[in-house]
1. State the number of residues belonging to segment 142-200 that are within 28 Å of the chain's Cα centre (by Cα), among the charged types (D, E, K, R) and within 16 Å of ligand 1 (Cβ to nearest atom).
2. Of everything in segment 359-388, what is open to solvent by 100 Å² or more (accessible area, probe 1.4 Å) and either aromatic (Phe, Trp, Tyr) or not in a helix (DSSP H, G or I) (or both)? Give them in sequence order.
3. Among the residues of segment 292-309, write down those that are open to solvent by 60 Å² or more (accessible area, probe 1.4 Å) and within 11 Å of residue 320 (Cα to Cα).
4. Please find, among 58, 41, the residue that is of a type in the set (A, V, I, L, M, F, W, C) and loosely packed, with under 15 Cβ neighbours inside 10 Å.
5. Looking for something out of contact with any Asp or Glu (no Cβ under 8 Å at 6 or more places or on another chain), more than 16 Å from ligand 1 (Cβ to nearest atom) and open to solvent by less than 70 Å² (accessible area, probe 1.4 Å) - is there at least one such residue anywhere in segment 215-225?
6. Could you list, ordered by first residue, the pairs with Cβ atoms under 7 Å in which the first is in segment 160-173 and open to solvent by 90 Å² or more (accessible area, probe 1.4 Å) and the second is at pLDDT below 80 and part of a strand (DSSP E or B), at least 6 apart or interchain?
7. Considering (1) of a type outside the set (Asp, Glu); (2) open to solvent by 50 Å² or more (accessible area, probe 1.4 Å); (3) without any contact (Cβ under 8 Å) to a residue 40 or more places away in the chain, say which one residue 247 fails and leave the rest.
8. Restricting to segment 226-239, count the residues that are under 16 Å from residue 144 (Cβ atoms) and surrounded by 17 or more Cβ atoms within 10 Å (Cβ to Cβ).
Amino acid sequence: MSTKDFLEKDYYKALGVAKTAKPAEIKAAYRKLARKYHPDANKGDASAEERFKEISEAYSVLSDEKRRKEYDEARSLFGGGFRVPTGQRPGQGGGFGGFDLGDIFSGAGDAGGRLGDLFGGVFGGGGRTTAQNRPRRGADVETETTLSFGDAFDGTTVALRLTGEGPCPTCHGTGAKAGTVPRMCPSCQGTGQSNRNLGSFGISEPCKECRGRGLVVDDPCPECSGSGRAMSSRTIQARIPAGVADGQRIKLPGKGAPGERGGPAGDLYVRVHVKPHPVFGRSGANLTVTVPVTFAELTLGAEVKVPSHRGAPVTVRIPPGTPNGRTFMVRGKGVRRKDGTAGNMLVTVDVMVPQNLNSKARSAIEELREATAGQDPREELLERAKEA
Ligand SMILES: [Zn+2]
Ligand SMILES: [Zn+2]
């Protein structure tokens, strides 16, 4: 039996006697229960056996005047009935279930201490207590925005509405009405955890009285109904640089959640979605565009006018005998980069097969067919198909 056992086990409850019970009462209670749960009388009943062990352990402590005194002292000192995290013993300065009593006591003694500081850690819920009085960097925040193709191309400033949970501004996070202060939850002694004893083992669950906060508020703050937390929203102007790509994540340093106790703000990450353009596409810093051309233009060569983004159309020279699908590069007509240079525009030619021919065009095509009758475009293909 350890101090941990002392804190976790309620021996009085095990024997069903009051804390003020006289030695004779304890003995009588023990005898009655021991007879009832004795293994000889409950063959094969594991729960009765566990109960018997529990009763015996309780009696071995409570029947010994010196040990009963130690037990009572340990329980009154530490409140009793709360869970001691594995590996931590009272006196080592560790937290009890995420709630450090030392913090409360040292904070309470500091007349200049703000309530927000004092209770900040408790409301934060579960954070390690050693860091709770230090300045804390605000959280990083992630949000999304959708830009038109043109705004992504040029760069733009967008208004982003950020919503986050923070301490209630009315009660500074205490949850208590102005002029009142929360008190430690008497049910869980401020641990936020309650233990239920199920025979030989106990289970720990959030305290029902305080919903795991460790504190109870008699007079709740009307603004946050006693929760101490409030949703707040702010709007910031975010500069999106030129040339941002769909799916890109932009970091805006210091635009995240504000820090606590003088700590720096976190960073804001903006995930950018870019709407597609009906004509242009993007490939890194390059713009892409597909341009319809005629068979004659590819065969004989031509100068064709192609659109550019944010500028006048440009002329692309197609040399005679250009295969369909070839891509031409127009320098500097792509997306501006950070260093001031720009990507290129990639122009891909796509031959159009005429659907409606007038009689003149038809006879010209028929003439072409006759003139090229000796050339079978599939000859090489058929030959190569025979290989290996
Ligand atoms: Zn409030
Ligand atoms: Zn409680």
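1. Going through segment 142-200 one residue at a time, the tally reaches 1.
2. Within segment 359-388, 375, 377, 378, 386, 387, 388 qualify.
3. Scanning segment 292-309 gives 295, 299, 300, 303.
4. Numbers: 58 fails: loosely packed, with under 15 Cβ neighbours inside 10 Å.
Being of a type in the set (A, V, I, L, M, F, W, C) and loosely packed, with under 15 Cβ neighbours inside 10 Å holds for just one of 58, 41, which is 41.
5. Within segment 215-225, the subset out of contact with any Asp or Glu (no Cβ under 8 Å at 6 or more places or on another chain) is 215, 217-225.
Of the ones still in play, those that are also more than 16 Å from ligand 1 (Cβ to nearest atom) are none.
Within segment 215-225, not a single residue is out of contact with any Asp or Glu (no Cβ under 8 Å at 6 or more places or on another chain), more than 16 Å from ligand 1 (Cβ to nearest atom) and open to solvent by less than 70 Å² (accessible area, probe 1.4 Å).
6. 165/229
7. Here residue 247 meets the rest and fails (2).
8. Residues that pass the stated criteria total 1.
The values are calculated or read from the model by the stated rules, or taken from the named source; none is laboratory data. As the structure is a prediction and not an experimental result, all values here were calculated from the model. Methodologically, a virtual Cβ is constructed for each residue, glycine included, from the backbone with ideal geometry; neighbour enumeration extends over all protein chains shown. These area figures cover heavy atoms from the full protein model, side chains too; ligands, DNA and RNA do not enter into them. Shrake-Rupley method; radii C 1.70, N 1.55, O 1.52, S 1.80 Å.
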